[in-house]
1. Round to the nearest 10 and give me the degree value, 0 to 90, for the angle of helix 3-16's Cα axis relative to the longest principal axis of the chain.
2. Would you work out the relative contact order for the stretch 3-68, in percent, from Cα pairs under 8 angstrom that are 6 or more residues apart?
3. Longest span of the chain, sites excluded, free of trypsin sites (Lys or Arg not before Pro) in DSSP loop with at most 13 other C-beta atoms within 10 Å?
4. Could you list the GluC sites (Glu not before Pro) in the stretch 25-72 that lie in coil according to DSSP, counting only those with at most 10 other Cβ atoms within 10 Å of their Cβ?
5. Explain nothing, just the number: dipole magnitude of the chain about its Cα centre with +1 on each Lys and Arg Cβ and -1 on each Asp and Glu Cβ, in debye rounded to the nearest 20.
6. Any chance you could run the full-extension gain for ILE55 through GLN3? It's 0.36 nm times the residue separation minus the Cα-Cα distance, nm to one decimal.
7. Only Cα pairs within less than 10 Å get springs; with that Gaussian network setup on the chain, which residue of SER20, SER57, SER45 has the largest fluctuation?
8. Taking every eigenvalue of the Cα gyration tensor of the chain, multiplying by 5 and rooting it, what semi-axes result, largest first, whole Å?
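Just so it is clear, none of the values below were taken in a lab; they were calculated from the coordinates. Source: prediction; values computed, not measured. Reconstructed Cβ throughout: ideal geometry from the backbone, glycine too, with neighbour counts over all protein chains shown.
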Amino acid sequence: MSQSDIYQMFAYGHKYLSGSGDLILIYPKHEKLVLPMPYFRLDKSLRLWVIPFCIESDRLVHGTWIEHFSPL
């Protein structure tokens, strides 16, 4: 994950969620990203969840993040 990814998600959150809600950033699962990361608070009411996607199982890795989103 890069700093520019976080800035871009911050901008998306303000444009499309009016600065309030939850965003997901999906990365391929790898040795340094096995489990979902704790959310990042981008602003007072805007959170970013970084979720690994397992290419072998073709699924997002489950975690507490799933409670904040409708079924994906």
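1. That helix lies at roughly 60 degrees to the long axis.
2. Details: 94 pairs, mean separation 19.4, N = 66.
For the stretch 3-68, the relative contact order is 29 percent.
3. 1-31
4. On the way: sites: GLU31, GLU56, GLU67; in loops: GLU31, GLU56.
Answer by residue number: GLU31, GLU56.
5. Taking the Cα centre of the chain as origin, the dipole is about 200 debye.
6. 16.3 nm
7. Of SER20, SER57, SER45, the most mobile in the Gaussian network model is SER57.
8. Values for the chain, descending: 22, 14, 10 Å.
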